[in-house]
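The next block holds one structure in the form of structure tokens; read it before the comments.
The values are calculated or read from the model by the stated rules, or taken from the named source; none is laboratory data. These numbers were taken from a predicted model, which means no experiment stands behind them. All Cβ positions, even for glycine, are placed from backbone atoms using ideal geometry, and neighbour counts span all protein chains on display. Ligands, DNA and RNA are stripped out before the accessible areas are found, and what is left, the full protein with its side chains, is counted by its heavy atoms. Shrake-Rupley method; radii C 1.70, N 1.55, O 1.52, S 1.80 Å.
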Amino acid sequence: ERGGNNSFTHEALTLKYKLDNQFELVFVVGFQKILTLTYVDKLIDDVHKEFRDKYRNEFQQKGTLGLLNGTFDFKDDFMRLLRDAEESSKVRAPTVMKTFEQSLKSQKTVKCMIETRGEKPKEKVKNKKNKGSKKEGIEAVAAPGKALAGDKQPSAAGEKEELTKDEILQKNREEFFKRHMKAGEKSRSPKPEAQKEKGKKPRVWDLGNSNAKVLDYSNSATNGSAEACPVEEFDPDTALGDRNREPGRLYDLEYESDDEAEEEKVIQNPSKPSTKKGGLGGMFGMLKGLVGSKSLTREDMDPVLEKMKDHLIAKNVAAEIAVQLCESVAKKLEGKVMGTFTTVTSTVKQALQEALVQILQPQRRVDVLRDVMDAQRHRRPYVVTFCGVNGVGKSTNLAKISFWLIENGFSVLIAACDTFRAGAVEQLRTHTRRLNALHPPESHGGRTMVQLYEKGYGKDAAGIAMEAISYARNQGFDVVLVDTAGRMQDNAPLMTALAKLIAVNAPDLVLFVGEALVGNEAVDQLVKFNKALADHSMAQTPRLIDGIVLTKFDTIDDKVGAAISMTYITSKPIVFVGTGQTYCDLRSLNAKAVVAALMKA
């Protein structure tokens, strides 16, 4: 699925590779990353061509499995190709400087050069004066005022004929300033009395309180006390949604694909063209471009790949990633031998679907429940930190995950580390009250399942998180969920503070919260968040994003491209998917369902 990138870097080594899909061969060259070898691409192309042509008959007779039993005497050929490639990079002749006769300067006469040097500065100065005075001259003519006396007009006209242009402009300026200075003195006279003091004063709201001490909760006794979060009476159906669900279960995303039905209709009516513009129904359904036992070429796939790229971009896949995906599919299929009744479009579609499923299936599965139980055995809390840009739903989805953990029998401490946004602490306090109402201590042996650790606003978020983790360890909480302030990926001071919070507290899981509505912005956010965490971390191996929470998934219909963009750029799994407003609207990612929605015409 990443065949579009033909190189791989591991520590101090770089590998470049090339695929031969016809004979199922991979050619790899390795070299030190610090070396700049300009002939590597030529070498791997020459070796590929030489090796394939030399043993073509053996491949066709014995097949790919014949490689295991065959012997290939290719060392001498390789050394010859290596020497040729090295020599070709040295053959380049050094660039020779032009002689004076070859330059343009030699074609100019001395007189022309003197005139050009003398005239240009004068023209520039003149143009600048004209530009600067043009606006003032127009305003002087158009400014309302008393007209000059009739007897003075002829004399003024006569003077203008005798005066130079610069003198006329200067005279117009003086008249313009004289007229406006009188009007300016009248309007400016009361201003010195009402001069404002320098410096910005904070606004005092009518119903607010200007005393900053009111917002300081450092000495408050609310942390850890059930009285601070009284039980709230409300309708559970509004918070839970589906009452027939299985408690504690994280359901998969569901998507009903009618792609197969569309293909059947097209096969039954092959002569009828598709009426959908820009869709994939006609592209993937029409039986055209039949290939009869021949290898695929790039020219065969280009029209299909172009439509494929446009379709992916229309489904919110980042443009850069859509191009890389199509390039990967092309390299995977180029040279591959097709069956007699296999179409190019169906083959390309199948290859793309396989690539997309592989991208969405994580290399490292994040099993939160298993990791929490492992932390319990070591008698320590499991710490999860949420980060992301503003307004993506960090606090809301933190509450959903808290509800899911409580239903699985784990106690949760929420650390209110968003000390910047107004109302952030109060929002978490409300969620805490509602979660305690849904799971009262009486249902759990007198144990309060969720509590809020808060220190008010304007404090150091890293310090609050450290105190919350220490408090959870002493009180026996199973999980600590750290809520952080939203920040844009370009804000260096806030990204430094986030890197400090993660480096100091070393959470078990760092989740990036992103919304499914974004397109190209998803790539920019994740790349810059990871880069900022790496740049601002003091550790030798910096802690980066471990997983993704994809929110607002219920608002996008089948435009699910953000899921592809985020997993492709980070190679990290989507751990949770937010699909609504209630506490039960939390799902795990179903890769096949997402791909089905993505490929829908």
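Of K349/K559; K42/K307; K16/K42; K18/K572; K394/K528, which pairs sit farther than 22 Å apart, going by alpha carbon to alpha carbon?
On the way: K349/K559 18 Å; K42/K307 31 Å; K16/K42 11 Å; K18/K572 26 Å; K394/K528 18 Å.
Over 22 Å Cα-Cα: K42/K307; K18/K572.
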> Using the Kirkwood formula over every pair of different C-alpha atoms, what hydrodynamic radius in Å results for segment 7-88?
Replying inline: 14.0
> Taking 0.36 nm per residue of separation and subtracting the Cα-Cα distance, what length does fully extending D374 through R179 add?
Replying inline: 61.7 nm
>> Need one number: nm distance between label points at A319 and N390, each 7 Å from Cα along Cα→Cβ, rounded to one decimal.
In response: 2.6
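How much accessible area per residue does segment 328-383 have, in Å², with a 1.4 Å probe? Walk me through the intermediate numbers first.
On the way: 3010 Å² over 56 residues.
Accessible area per residue: 54 Å².
Within a Cβ distance under 13 Å of G391, other residues only, what is the Lys/Arg minus Asp/Glu net charge?
Values: positive: K394, R421, R487, K552; negative: D418, E515, E521.
Computed value for this residue: +1.
With a sphere of radius 14 Å drawn around the Cβ of H10, what net charge do the other residues whose Cβ falls strictly inside it have (Lys, Arg +1; Asp, Glu -1)?
+1
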> Within the accessible area of segment 368-593, what % is carbon and sulfur when the probe is 1.4 Å and the other protein chains stay in place?
Replying inline: 50
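In percent, how large is the relative contact order of segment 456-524, given Cα pairs closer than 8 Å and 6 or more residues apart?
Details: 24 pairs, mean separation 25.7, N = 69.
So the answer I get is 37 percent.
Between D73 and A12, what length in nm is gained on full extension when 0.36 nm per residue of separation is reduced by their alpha carbon distance? Provide the component values of the computation, followed by the final result.
Numbers: separation 61, 0.36 × 61 = 21.96 nm, distance 3.02 nm.
Difference between extended and current length: 18.9 nm.
What fraction of the DSSP beta bridges in segment 368-593 is antiparallel, stated in percent and rounded to the nearest 5?
On the way: 2 of 29 bridges.
In segment 368-593, approximately 5 percent of DSSP beta bridges are antiparallel ones.
In Å², what does the accessible area per residue of segment 7-88 work out to with a 1.4 Å probe?
Values: 5680 Å² over 82 residues.
Result: 69 Å² per residue.
Got the relative contact order for segment 296-360 handy, in percent, Cα pairs under 8 Å and 6 or more residues apart?
45
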> On full extension of the chain, what length is gained from A539 through D53, given 0.36 nm per residue of separation minus the C-alpha to C-alpha distance?
Replying inline: 169.9 nm
>> If I model a spin label as a point 7 Å beyond the Cα along the Cα-Cβ vector, how far apart are those points for Q107 and E442 in nm?
In response: 9.9
>> Using a 7 Å offset from Cα along Cα-Cβ at R473, what residues in segment 401-444 end up with backbone N under 20 Å from the label point?
In response: 411-417
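If you average the sequence gap of Cα pairs under 8 Å that are 6 or more apart and divide by the length of segment 368-593, what percent do you get for the contact order? Before the final figure, lay out each step's value.
Working: 414 pairs, mean separation 54.3, N = 226.
Once divided by the residue count of segment 368-593, the mean separation gives 24 percent.
Over every pair of different alpha-carbon atoms in segment 368-593, take the mean of 1/r and invert it; report that Kirkwood radius in Å.
Values: mean 1/r = 0.0564 Å⁻¹.
Value: 17.7 Å, from the Cα pair sum.
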> How do the peptides 364-375, 505-516 rank, highest first, by the average count of neighbouring beta carbon atoms within 10 Å per residue?
Replying inline: 505-516, 364-375
